[in-house]
1. If you go through region A:88-101, how many residues are assigned to a loop (DSSP other than H, G, I, E, B) and closer than 21 Å to A:A163 by Cβ?
2. Within region B:352-365, restricting attention to residues that are of a type in the set (D, E, K, R) and over 20 Å from B:I160 (Cα atoms), which residue is surrounded by the fewest Cβ atoms within 10 Å (Cβ to Cβ)?
3. Which residue, of A:R247, A:R251, is open to solvent by less than 10 Å² (accessible area, probe 1.4 Å) and in contact with an Asp or Glu (Cβ under 8 Å, 6 or more places away or on another chain)?
4. In region A:17-48, which residues are in contact (Cβ under 8 Å) with a residue 60 or more places away in the chain and among the basic types (K, R)?
5. Quick check on A:A430: is it touching a residue at least 12 places away in the same chain (Cβ under 8 Å) and open to solvent by 10 Å² or more (accessible area, probe 1.4 Å)?
6. Would you pick out the residues in region A:118-133 that are within 15 Å of A:I414 (Cα to Cα) and either open to solvent by less than 20 Å² (accessible area, probe 1.4 Å) or among the charged types (D, E, K, R) (or both)?
7. In region A:199-225, which residues are surrounded by fewer than 18 Cβ atoms within 10 Å (Cβ to Cβ) and either under 18 Å from the mean Cα position of the chain (by Cα) or within 12 Å of chain B (Cβ to nearest Cβ) (or both)?
8. Do you know which residues across region B:16-37 are outside any helix (DSSP H, G or I) and surrounded by fewer than 21 Cβ atoms within 10 Å (Cβ to Cβ)?
2 protein chains.
Amino acid sequence: MTVDADFAELKQRLKTIEDLRGAERALSWDQATYMPRSAAEARGRQLALLSSMAHERLADPAIGELLDSVTPWAQAQGADSDPGALVRVTRREHERATRVPPVFVHRLSEHTAKSYDVWQRARPADDFGAVRPLLETTVELSRELAAFYPGYEHPFDVLIDLAEDGMTVQTVRTLFSELRAGLVPLIEAIRARPEPSDRCLKGEFPESAQRDFGAMVIRSFGYDFARGRQDKTAHPFMIKLGRGDVRITTRYRADDLSDGLFSTLHEAGHALYEQGIDDALEGTPLYHGTTAGVHESQSRLWENLVGRSLPFWQRWYAPLKDAFPGALQGVDVDTFHRAINKVERSLIRTDADEVTYNLHVMLRFDLELAMLEGKLAVRDLPDAWRARIESDLGVTPPDDRDGVLQDVHWYGGIVGGAFQSYTLGNIMSAQFFAAARRDLGDLDAQIGAGELAPLRGWLTERIYRHGRKFTAPEIVERATGEPLSIAPYVAYLKTKYGALYGLS
Amino acid sequence: MTVDADFAELKQRLKTIEDLRGAERALSWDQATYMPRSAAEARGRQLALLSSMAHERLADPAIGELLDSVTPWAQAQGADSDPGALVRVTRREHERATRVPPVFVHRLSEHTAKSYDVWQRARPADDFGAVRPLLETTVELSRELAAFYPGYEHPFDVLIDLAEDGMTVQTVRTLFSELRAGLVPLIEAIRARPEPSDRCLKGEFPESAQRDFGAMVIRSFGYDFARGRQDKTAHPFMIKLGRGDVRITTRYRADDLSDGLFSTLHEAGHALYEQGIDDALEGTPLYHGTTAGVHESQSRLWENLVGRSLPFWQRWYAPLKDAFPGALQGVDVDTFHRAINKVERSLIRTDADEVTYNLHVMLRFDLELAMLEGKLAVRDLPDAWRARIESDLGVTPPDDRDGVLQDVHWYGGIVGGAFQSYTLGNIMSAQFFAAARRDLGDLDAQIGAGELAPLRGWLTERIYRHGRKFTAPEIVERATGEPLSIAPYVAYLKTKYGALYGLS
């Protein structure tokens, strides 16, 4: 066989895998939006089947042989070329897949579908007991998964590495402790100041007006509804079903504006990333955002650095008042801006302000590590959660619904490897935004004028279009000229909240 | 291997095939309801992939070997036993699958997805030219498909046989010509009588009120929304994604009550059949309605024999007036009943009354046979359609949108084998209903009192629960004690329309 023919066959095989994954994601989307609850068991089987079929094809020794054949040719085109990146990423995925037996993949997929279904009922019913045995199994399965990859320093490094190429338990711990050192004094300083009111966010906000306003805003971001759609779900997410099909979901509360609005902006940020990937990468593992952390940097950039900024609301507050004339009557834009940036020690991660948010993440990261290391039994998790959130955030959850049951992650996937990416995303979002500001001139004036095309263009050029061609550290370095650093993020928080709270 | 182990393995393999088909149907449902148009190409590939994977597994020689091993044991339990029926139906499906090469299945599936997508745009644009080259390919592919099955008397017998076990071009032609002989004089007699007004159906019917009323009615039929759901689409259909997940779709016109209402009742009829199948048959080819014709007998029974009857509206007309007080003001139930049963020579099959409906079917059956036999070129199809609908129904379509482009079948599947089942369904619906009336006592009084549980129970016991265990002729014989006959259908039409139109 020639290299050409082998490369064509490799791409054909990868396309089949991507199509199976696309079908799997279509079924997951339906499961979380419209599927009748009674279909959970059959859907779990269907998802497990597709997942194990994709896995089996990725682990096929033929993939390894084709990679062996085409790698010298691909590498000769440069590490930054599409073929060079393709063989590197595919090799990594293939080798990982070969470590995990298909029967395990099937078991894990079936288990997580079942667990997700039970959690969907257990959370509103405040019934941790219903998910406890399932979570115990999830912890065991997560350990088993980690054990398929020996040779890491910490046995759970691999779970982080799977989400964030090259990151380890130790690097995350170091980063988190540096960040904590910056956050805690800032939170203390803010607590010493008068508390702003966010009463204007708690009025009557009809769902259809929320939906229309959110759609108008994310259209201005550049989210393309013709290549996507928005639906309702319990726990908002973004999902790419395939080319031309990047969907977002949200939820609305009729008595609270923030939840629906900022989750819409957040998921739209994820979607802009996926919609911005070069379609030439379709049908390959490069056709996705590079890591969970970089993905989160984009959702947080659009949600927070754009969507909670004063210039942004100087553009959008008048239309918002038109949409909700009753609730926002007599409220000026500064008051509104203070309300949406109120720092508050609270129970729910996804509702948390930018400053305290990362403490929620660190809490989860430490607890999941303790479960994986066997230092914390699942039955003791609700108590451990309560103790930690009291000591870190000074609040006590009245129930498990808004405590240990609040996030889907441990109930719809493995334990370990997910939460750290939220904080990594926050860190990167500020670093990217600072670099964009440096390159684009008066970014605040552009945002204030509703001109978001330059920002989206900058992000597309430096980040989005490359898909998974580069790792997170490479993307940071290429886009900003600097290595990953918490400095821009801490500086951003200090400047923004210093001004909002009149800190010295 | 023991027979027990072989039977277990056979069932495991069949379950995988059913799960692949279920995933495929989930993707099809999404394609027809919520999918962004720009995803058509990727979705076409995903559907083709799942379809060919299911086909490949069904054609696997191992299925044949397992069948060889278990058949004597299964047959010893009787042809009516679950295992007896399972081996018979699986053998038939397996042998059919082995006839068709996987590459053809893949090509056909990709082609029909593309064709469906183009048709969705071409119909509103009245652009037959856009679908013409695709339809030419569809005709060729349909011929190729038929050619994989030699040994039939007429080369297209197999296309009918695939939908209606044991039926042939000749038997359908004979049945249709007998029926035509009964219908034409009835239509002539009706035309000689004064035309009733259906003005009351053309008013303002807000979509949400239509949806709520339809849901209330089909709940009374026994459609279980907890194991299904209803969404909007361009061309209504029912689809079972898996156990506990039988969905219906409909469309609404704000200025016309009939379209949304009767398509809801129709699809609910299909859904009652699927929801009524014994869950013990899950994961096997028996877990579906037996043939397209028997399926259609149920949609038509609930839509027409129940839903367009006078007793039914004696129960439901008051709530209907409550739902649409403006449009139905001053209209009494008799006037309404005449309106929904107005016989009219019209353009659209799905809007046609019970009497002229079958002429629409015969037209399509003859034209598709002519295309398959090479007697009619696709480019001449619009003219042939116009000529035939003028001679049969005395109407001239103003465009192709409401002519040759009106039905999805030729654009989203093969040509041949689909349309005859609509008329077979009509014939069977009357035969089943007459038998139920004989067994249940005063069926009209039950319907008039809104008591539909006895009728649904009778249908479930005799038809639904068996899934595909019996063929259409067997089901007719078992349920009614008589072989398939047009007599009850012609008698039903003569009695009902004789009374409505005052015929002697």
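The values are calculated or read from the model by the stated rules, or taken from the named source; none is laboratory data. Because the structure is predicted, anything quoted here is derived from the model rather than measured. Here Cβ is always computed from backbone atoms with ideal geometry, including for glycine, and neighbour counts include all displayed protein chains. Each accessible area value is taken on the protein alone, full model and side chains, heavy atoms only, with ligands, DNA and RNA left out. Shrake-Rupley method; radii C 1.70, N 1.55, O 1.52, S 1.80 Å.
1. Total satisfying the criteria: 1.
2. So, considering only residues that are of a type in the set (D, E, K, R) and over 20 Å from B:I160 (Cα atoms), the one surrounded by the fewest Cβ atoms within 10 Å (Cβ to Cβ) is B:D353.
3. Only one candidate qualifies: A:R247.
4. A:R25, A:R37, A:R43, A:R45
5. No: the conditions fail for A:A430.
6. Result: A:W119, A:V131, A:R132.
7. Of everything in region A:199-225, those that are surrounded by fewer than 18 Cβ atoms within 10 Å (Cβ to Cβ) and either under 18 Å from the mean Cα position of the chain (by Cα) or within 12 Å of chain B (Cβ to nearest Cβ) (or both) turn out to be A:D224, A:F225.
8. Of everything in region B:16-37, those that are outside any helix (DSSP H, G or I) and surrounded by fewer than 21 Cβ atoms within 10 Å (Cβ to Cβ) turn out to be B:Y34, B:P36.
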